[in-house]
1. Rounded to a whole number, what is D in µm²/s for the chain from Stokes-Einstein with the Kirkwood radius over alpha-carbon pairs (20 °C, 1.002 mPa s)?
2. In straight Cα distance, which aspartates and glutamates are under 18 Å from residue 291, not counting same-chain residues fewer than 8 positions off?
3. Taking the Cα centre of each part, how many Å lie between region 298-336 and region 348-369?
4. If the chain between residue 204 and residue 240 were fully stretched, how many nm would it gain, using 0.36 nm times the residue separation less the Cα-Cα distance?
5. Pull out a ≥ b ≥ c, the square roots of the eigenvalues of the alpha-carbon gyration tensor of region 38-118, then state rounded if a/c is under 1.5, prolate if not and a/b is larger than b/c, and oblate in the remaining case.
6. With a cut-off of 8 Å between alpha carbons and a minimum separation of six or more residues, what is the relative contact order of the chain in percent?
7. What is the order of 409, 310, 323, fewest Cβ neighbours within 10 Å to most?
8. Quickly work out the residue 158-to-residue 307 label distance, labels modelled 7 Å from Cα along the C-beta direction, and quote it in nm with one decimal.
Amino acid sequence: MACLCTVAAPSVHHGYAQTSHEAATDFPTGETSDALQDVEALCALVREHYVYFAPREDVWEATCEAARDAALTEAAATPAGHLELLEHMLDQLWDNHASLNINSSTSPRLVPSGSDYWLDFKGGDAVVTAVRPSSGAAKAGLEVGDRVVAMTGMPVLSAASDRIRYGRNAVSEGRLNWALNAQAAGYRGQMRGVTVERGGTELNLLLDEPMPEPPDEPVTYKRLEGNIGYIRIEDSLGDEAAVAAFDAALEALNGASGWIIDLRNTPSGGNTGVAEPMLGRFIRGVKPYQKAGPRWEGEAVRHVASRGPWRVKGRVAVLAGRWTGSMGEGLAIGFDGLRRARVFGSPMAALAGGVESFQLPASGWSVRLPSYNLYHMKGMERHVWHPPYPVIADNGDGPDLALQAAEDWLSR
């Protein structure tokens, strides 16, 4: 039987820790009536609190109608069936920032924290535009530019349609891209097969677990050629220890002629209590770095204050890509909005808005929904902002093109 597991829900922050659900504990069972009660509650929560509800309203109402019937079936009487029903419902929002705080051993992997390659629909083809270094996809030989023609033996569009249950007659490009990447990540415990076309030849690849081996430290650093200080945040923007580790990295690299801050391994997001102290080492005084939308009940403009025994001076390059998620995206737009760095890379994870957690009444599980929007200081929504110095950010185990671009600029 699949194990049901929970992960502690994070506090509400401008940035959100999208957990990968790898560290979890057992959760008690539920009953058929519980499923129906949770379905009704989830339907109401999305209508009332989900900030991106308007373009999804018709699909959501169809989802709720079908889910009410499904909640009364024998399958929903089991805890695994109860959970699977709620997961299928959230799929219909096509939003990687909407999730539950519980998972089973067969639950969908979260994107981006549980994914290892990225697809974009271009000219009628599903094209690989990013491969996570040292991941299952990278080790299997998947490359940026590959055209995916099948997933686990199914034509790629048929595989994607498995995650699109309602409104198939008018699927937007954004929803199709969501479905492609959801299927690319697959389900926990599932091996993934992918067939790609490369240079006129079809290749069948078998992908192992997507997540690379996590580093031992929350922050890693080194001094590069030309006296460039390089600091990489290792998916630790939700870990308070990362602030001290970041400060220690700055001290070790003090005197560097230029700086690279690598945010390409921050898929789980984090919170402002960790990110803002890092950003504060690069400015003087108190400055605005991010805006929040009208549903946010706090300050409309988020500020950061200078901090530390000394301020980082000189040129700064920031690296961002598809595994720059949520609070990592907030840092990227913050550096750019403060005009304190050049941001190199490709489109980020596009985890939209700020997330709040809401408890479901029957199971006690929590659902996380984007309830307010977040913006660059220039007014652009955070999830549609792209690094202004474009370069392939996530090139698998191939050359690190983004790092090379940053080094070239800093060395001029």
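Just so you know, all these numbers are worked out from the coordinates, no wet-lab data involved. If you're wondering where the values come from, they're calculated on a predicted model, not measured in any experiment. Note that each Cβ is placed from the backbone with ideal geometry, even for glycine, and that neighbours are counted across all protein chains shown.
1. 98
2. 276, 299, 329, 336, 356, 381
3. Cα centroid of region 298-336 versus Cα centroid of region 348-369: 24 Å apart.
4. 8.7 nm
5. Judged from the Cα gyration tensor, region 38-118 comes out oblate (a/c at least 1.5, b/c at or above a/b).
6. Computed over the chain, the figure is 19 percent.
7. 310, 409, 323
8. 5.3
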